[in-house]
Amino acid sequence: GGEGRAAELVVLAVLGALWGFAYGAIMNISFWPYATGPAAQYWAPGTSPADTLRRYLAFYVLTSLAWDAFGAFGNVLLIVLFGAPVLRALRRFRDRMGFAYQPDGALET
């Protein structure tokens, strides 16, 4: 029913927000080891995994969190505005193009 579809959009919006932040964090990893600056924010050889994570989180919060928040908000906004019609189109496509394989008879042993 309608409440199931609304819950589906809420779940998609939450996932869109999470992926907005996750995408930014993943993209930062591509250049973070090569960046320079305060030692508390950047990667250094020989640091422990816990210290590396702490440094990365400090770097992320100071350089990317606000930017990624805009991306996450944009994802949520687009899902709220266009999610229902896109899901309807995908379901219609699935219903029209779907098929089920049914073999001719059972296997004989």
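Here, each number is a calculation from the coordinates, and none is a lab measurement. The structure displayed is predicted, hence computed values, not measured ones. Positions of Cβ are generated from backbone atoms using ideal geometry, with glycine treated the same way; all protein chains shown enter the neighbour counts.
General remarks:
- Kyte-Doolittle mean at least 0.5, axial Cα span of 20 Å or more - DSSP H helices of the chain: 2-29, 65-97
- Counting every alpha-carbon pair across the stretch 2-85, the share separated by more than 22 Å comes to 40%.
- Sum of -39500 (n - 2.57) over DSSP H runs of 4+, divided by residues of the chain (222 nm, nearest 500): -24500 deg cm²/dmol
- Across the chain, the longest piece that holds none of the chymotrypsin sites (Phe, Trp or Tyr not before Pro) lying in DSSP loops with up to 11 other C-beta atoms within 10 Å covers 32-98.
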